[in-house]
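Notes follow the structure.
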Amino acid sequence: MTKQQRVEVVCPCCQAKLTVDGKTGLVIHSEAMKSAYSFDEALVKEKERKAKSDELFAKAFEDEKHRRASLEDKFQEAFDSKDELDEPPPRPWDLD
C-alpha cells in the first residue's frame, strides 16, 4: 500500500480545506472557507439601519409636534367657548 504525499480533506466543523502530509499526518496548509458575510456588508447594513431609524425618529418627532399643536388648538377652543357655555352654579340660598 502506497501512501500519498499529500492528502486534501475538508474539516467537518468549519468547512476549511486542509492539506495533510501523508507521512507525518501534520497539516501543511489550510484554506478557510470564505464566509458569505463580510465586514463591508455589515457596515453598509448598519449605515442603512441607522439612516432608517433616524428617518423614523424624525417622522415620530414631526407627528408628535402636530399632535401637540392639535391638542393645544382644541384646548384653546374649549377654553374660549367656556365663557359662552358655562352658567354660574345656582346658589343654595336662591333655591328657597
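The values are calculated or read from the model by the stated rules, or taken from the named source; none is laboratory data. Note that this is a predicted model, so its numbers are computed, not measured. Here the Cβ is made from the backbone with ideal geometry for all residues, glycine too, and neighbour counts use every protein chain on show.
Summary of values
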item: Only one of Phe75, Phe57 that is modelled with pLDDT under 95, of a type in the set (A, V, I, L, M, F, W, C), part of a helix (DSSP H, G or I) and more than 30 Å from Ala16 (Cα to Cα); result: Phe75
item: Residue in the stretch 19-33 that is in a helix (DSSP H, G or I) and either more than 30 Å from Gln5 (Cα to Cα) or touching a Lys or Arg at 6+ places or on another chain (Cβ under 6 Å) (or both) present; result: no
item: Residue list for the stretch 1-47, restricted to those being among the hydroxyl-bearing types (Ser, Thr, Tyr) and modelled with pLDDT under 85; result: Thr2, Ser35, Tyr37, Ser38
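Residues checked against (1) in contact with a strand residue (DSSP E or B) (Cβ under 6 Å, 6 or more places away or on another chain); (2) surrounded by 10 or more Cβ atoms within 10 Å (Cβ to Cβ):
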residue: Gly25; (1), (2): no, no
residue: Ile28; (1), (2): yes, yes
residue: Ser38; (1), (2): no, yes
residue: Glu55; (1), (2): no, yes
residue: Glu62; (1), (2): no, yes
residue: Asp73; (1), (2): no, yes
residue: Glu77; (1), (2): no, yes
